[in-house]
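Q: The structure under discussion is supplied below as structure tokens; questions concerning it will follow.
The values are calculated or read from the model by the stated rules, or taken from the named source; none is laboratory data. Remember, it's a predicted structure, so these values are computed and weren't measured experimentally. FYI the Cβ positions are ideal-geometry reconstructions off the backbone, even for glycines, and counts take in every protein chain you see.
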Amino acid sequence: MRSIGKGAIILAALSIVVAGVALGSKPSPPTILEAVKGYSDWKKANASPVRLTTSFDLLCRGITPEEHQSHQKANPHFERFITVYVNKLGEQAMMKGGTFPVGSVVVKEKREKEKGPVVLSTVMIKREDGYNPTCGDWEFGALNADATKTDGEGKLESCMKCHAEQSKNDYTFKTYIGAKSWSSPSGYQPLKFGRPPSSPKS
Ligand code: HEC
């Protein structure tokens, strides 16, 4: 018994030392790929995929108008379904409002069919104070389908041109929160770029 007690004390002391070292050495913040690991287990900001059907389909990927046109030609009923995930740190700000704390991560998946595979995702990570003053210290990134590669990351101009207008919502849109299910005839209509967000409930 005694030796077990001693062992426990030594272990406890050791773990304090280890924790101290870990705190002292300030680990570098996770990269985008590290930060999104396991995101599909996070909270979904919209319970079921939200359908975007609009001619305004340049949203959120920085595709060129030419790319967009050719996609629409190939498929006039071009539709996209989005699901947005938020990590634990960001949950409160996402669902209730306020400023997202440093370390918050938001992932927006895009599918071309409601139950189809993810075709790409976009990510926002809240970095430390001063990282990106024009856009709420968010870092932006685009991910390939299975979130194993980034196709651009950093203070991406192509993303900020829209998100910088959303300062009221800490540079997020949140239009999908409370949006009706994709199958609703009066379902979700995304914002036109530049308009302030309307009530997310309608
Ligand atoms: C043309 C305007 C526009 C551009 C450019 C844009 N976004 Fe968005 N973004 C939106 C809108 C609108 C939404 C709300 C959901 C929707 O309609 O897709 C959104 C939502 C998001 C979300 C979910 C969090 C939120 O804001 O509610 C993430 C993450 C995101 N965008 C990342 C990016 C990244 C990364 C880029 C650049 C590669 C980018 N966006 C470029 C308009 C834009």
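Q: Tell me, which residue of the stretch 151-202 that is modelled with pLDDT of 50 or more and among the hydroxyl-bearing types (Ser, Thr, Tyr) is farthest from the ligand (Cβ to nearest atom)?
A: Result: Ser167.
Q: May I pose another question? Is there a residue being in contact with a helix residue (DSSP H, G or I) (Cβ under 9 Å, 6 or more places away or on another chain), assigned to a loop (DSSP other than H, G, I, E, B) and at pLDDT below 95 anywhere in the stretch 73-89?
A: yes
Q: Further question: Only strands (runs of 3 or more DSSP E) wholly contained in the stretch 102-182 count here; list those with 2 or more residues that are in contact (Cβ under 8 Å) with a residue 24 or more places away in the chain and surrounded by 18 or more Cβ atoms within 10 Å (Cβ to Cβ).
A: So the answer is 105-111, 118-126, 138-143.
Q: Further question on the same structure: Going by the conditions given, is Glu114 within 14 Å of the chain's Cα centre (by Cα) and more than 24 Å from Ser158 (Cα to Cα)?
A: No, not satisfied.
Q: Restricting to the stretch 100-134, name every residue that is within 14 Å of the ligand (Cβ to nearest atom) and either touching a His at 6+ places or on another chain (Cβ under 6 Å) or of a type in the set (Val, Ile, Thr) (or both).
A: Val105, Val106, Val107, Val118, Val119, Thr122, Val123, Ile125
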